[in-house]
1. Of all residues in segment 220-236, count the ones that are in contact (Cβ under 8 Å) with a residue 60 or more places away in the chain and aliphatic (A, V, I, L, M).
2. Filter segment 202-219 down to the residues that are acidic (Asp, Glu) and more than 11 Å from the ligand (Cβ to nearest atom) and list them by number.
3. Quick check on my filter: what residues within segment 157-180 are in a helix (DSSP H, G or I), closer than 28 Å to residue 258 by Cα and away from the ligand (no atom under 14 Å from the Cβ)?
4. With 87, 92, 83, 102 as the choices, which residue is surrounded by 24 or more Cβ atoms within 10 Å (Cβ to Cβ) and closer than 17 Å to residue 212 by Cβ?
5. Across segment 130-156, which residue is farthest from residue 231 (Cα to Cα) among those that are within 16 Å of the ligand (Cβ to nearest atom) and part of a helix (DSSP H, G or I)?
6. What's the number of the only condition in (1) within 26 Å of residue 172 (Cα to Cα); (2) away from the ligand (no atom under 16 Å from the Cβ) that residue 285 fails to meet?
7. Determine if segment 194-201 includes at least one residue that is surrounded by 17 or more Cβ atoms within 10 Å (Cβ to Cβ), part of a loop (DSSP other than H, G, I, E, B) and within 15 Å of the ligand (Cβ to nearest atom).
8. Return yes when residue 53 is in contact with a strand residue (DSSP E or B) (Cβ under 6 Å, 6 or more places away or on another chain), in contact (Cβ under 8 Å) with a residue 40 or more places away in the chain and either surrounded by 15 or more Cβ atoms within 10 Å (Cβ to Cβ) or not aliphatic (A, V, I, L, M) (or both) and no when it is not.
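Please treat every number below as a calculation from the coordinates, not as lab data. As the structure is a prediction and not an experimental result, all values here were calculated from the model. Cβ placement follows ideal geometry from the backbone for every residue including glycine, while neighbour counts extend to all protein chains displayed.
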Amino acid sequence: MTFPQTRLRRLRQSPAVRNLARETSLLPHQLVLPLFVREGLTEPVDIGSMPGVRQHSMDSLRRTAVEAAEAGVGSVMLFGVPAVRDAQGSGADAPDGILNLATEALAAEVGDALVVQTDLCLDEFTDHGHCGVLASDGSVDNDATLVRYTSMALSQARAGSQLLGLSGMMDGQVATIRAALDAEGFTDTLLLAYAAKYASAFYGPFREAVDSQLKGDRRTYQLDPGNRREGVREAVVDEAEGADIVMVKPAMAFLDVLREVRDTVHVPVWAYQVSGEYAMIEAAAANGWIDRRAAILESLLSIRRAGADAVLTYWATDVARWLRA
Ligand code: PBG
């Protein structure tokens, strides 16, 4: 029997050959660790729906960031959980607000070893749980929210955040914040635009992590999960507004969007492996239904393969250690 010359299995014959043929890398510095710090805590508190993830006290936050830096993680991203909330989210831009105090502490502790970045959104700080301020009819007021975001951006930059993650999905947020930062001399502060952020069920466990007050949903500002073109359009607009990096979120359910964004824009593209993606693998592993380590590595490699230059993941420190071992 004649046989075609094309024998694809030649490239899979041994670990050494497979190493040479591997198209996608996964490295510690390509990982970003999200961290939660909660005002008033003296001890960290476990998050039930995210086994292994905690709301941190200032002390445990510092220790956890040092561990991440020692493991070679590229960046830590901070979320703040305030003790008191109001309609304007006043805790977000108060210089002594929990997020800004924690940013100062981490910038001092690990700012030379990795990038210290902050989430820039109002939802953790508002008593209604929306990502912006509300108009009298109860809708989220885009342009009034931009005023609040501008103030937050300046507070975070002053606190020492090197990179602001604009996650609120308000129109014009990148251009508005870039102009305000530049006017105050913060020309080196990086902007990460959550460009294609979908209104996703996979954020479920995060709501517990930040004690979210939200009733209802975010469908008037976050994207419809059925829309790919619109996600790409968001990324194009954010790049044009001056975003240094754009993001797709969640990751695994939106790998097609991630690939198309990577092929379309010229800035780095990141992806956020969100709380529900984390919880699903942890729950299946806890039941013995899946090989935890193999599933985590495959999920991250797949997100990289789809086009992510870096990935936000709650497993960042674990994975960085595995990759180095
Ligand atoms: C809101 C925000 C959310 C997440 C990060 N920032 C939730 C939401 O938009 O409802 C989700 C992160 C995760 O699920 O891990 N600013």
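1. 0
2. Result: 211, single match.
3. 174, 175, 176, 177, 178, 179
4. Unique residue meeting the criteria: 92.
5. Filtering first and then ranking leaves 156.
6. Single failed check for residue 285: (1).
7. Yes.
8. On the way: in contact with a strand residue (DSSP E or B) (Cβ under 6 Å, 6 or more places away or on another chain): no; in contact (Cβ under 8 Å) with a residue 40 or more places away in the chain: yes; either surrounded by 15 or more Cβ atoms within 10 Å (Cβ to Cβ) or not aliphatic (A, V, I, L, M) (or both): yes.
Judged against the criteria, residue 53 is not a match.
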